[in-house]
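Contents: one structure, followed by commentary.
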Amino acid sequence: MKSFEMWNYEEVEDAFGISPLRTNPAFEDWLRAEGCEADESEKKMLDYYRDVLFEEVHNWNEDELKFFFIGPVLGLIHFKTANFKPYTQRTLSITHGEISASGKVDFMLAKGKVTPKIPYFCLHEYNQENRRENDPLGQLLIGMVAAKAKNNDELPIYGCYVSGRNWFFVLLEGDKYYVSNAHNASDDDIYKIFAIMKKCKLLVDVHARKK
């Protein structure tokens, strides 16, 4: 059993037969996030968290980045619905032939009351600004592959990994995956990050209603 933390993106590609493409219409639709812009009250809160991030991102450890920035920003979106809810630090696992992997997902949107039964979105928070010991894309991808296997359907899996101030959005659809350019949460990109996550909530709700 290989921990999620030990995977890099090439190993995930080779083991599970997925490959990257630059973009596709579904990915572009998600990233445009039309109609999901922050309102004035949300913008005020985002401005506050953006400024705190700008001042502290070099100083924070993993828990501080999560506690003082990622959690509060995501909390503004109110992800709990009748069809799914947010989970943190929940374990996913996958067995594929002779390959097995398991690990905790930092943040997940999934159907279920007590345990995540059908995951739709995975976020991997990759610690502080200057640490580069592991491969954040690889760790996210193995979690997304495990989520897709658990669902046992053809619906896409949405994902995001955070490296310090930078947010990267990822879509896994079939055997292809797509990765966005970096969005810098310490400048005005924070509004785009927020809109993309609000759009994710809407897309996940559509998928959750089908299950």
I need the full set of residues from the range 82-112 which are free of Cβ contacts under 8 Å to residues at least 24 places away in the same chain, more than 18 Å from Glu11 (Cα to Cα) and part of a loop (DSSP other than H, G, I, E, B), in order please.
Ala82
Boolean, Val204 is in a helix (DSSP H, G or I), β-branched (Val, Ile, Thr) and surrounded by 21 or more Cβ atoms within 10 Å (Cβ to Cβ)
yes
Just to be sure I understand, how many residues within the range 36-48 are in a helix (DSSP H, G or I) and either over 19 Å from the mean Cα position of the chain (by Cα) or of a type in the set (Lys, Arg) (or both)?
8
Quick one: what pairs do we get from the range 11-31, first residue over 18 Å from Val145 (Cα atoms) and part of a loop (DSSP other than H, G, I, E, B), second modelled with pLDDT of 95 or more and among the acidic types (Asp, Glu), C-beta under 9 Å, 6+ apart or different chains?
Asn24/Glu173
Of the criteria (1) in contact with an Asp or Glu (Cβ under 9 Å, 6 or more places away or on another chain); (2) part of a strand (DSSP E or B), which one Asn134 fails:
(2)
Taking the range 70-81 as the region of interest, how many residues are touching a helix residue (DSSP H, G or I) at 6+ places or on another chain (Cβ under 9 Å), in a loop (DSSP other than H, G, I, E, B) and at negative phi?
4
Does Ala146 satisfy the criteria of being in contact (Cβ under 8 Å) with a residue 24 or more places away in the chain, among the aliphatic types (A, V, I, L, M) and farther than 21 Å from Trp60 by Cα?
yes
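The values are calculated or read from the model by the stated rules, or taken from the named source; none is laboratory data. Not measured: the values here are computed from a predicted model. We place every Cβ from the backbone using ideal geometry, glycine too, and count neighbours over all the protein chains shown.
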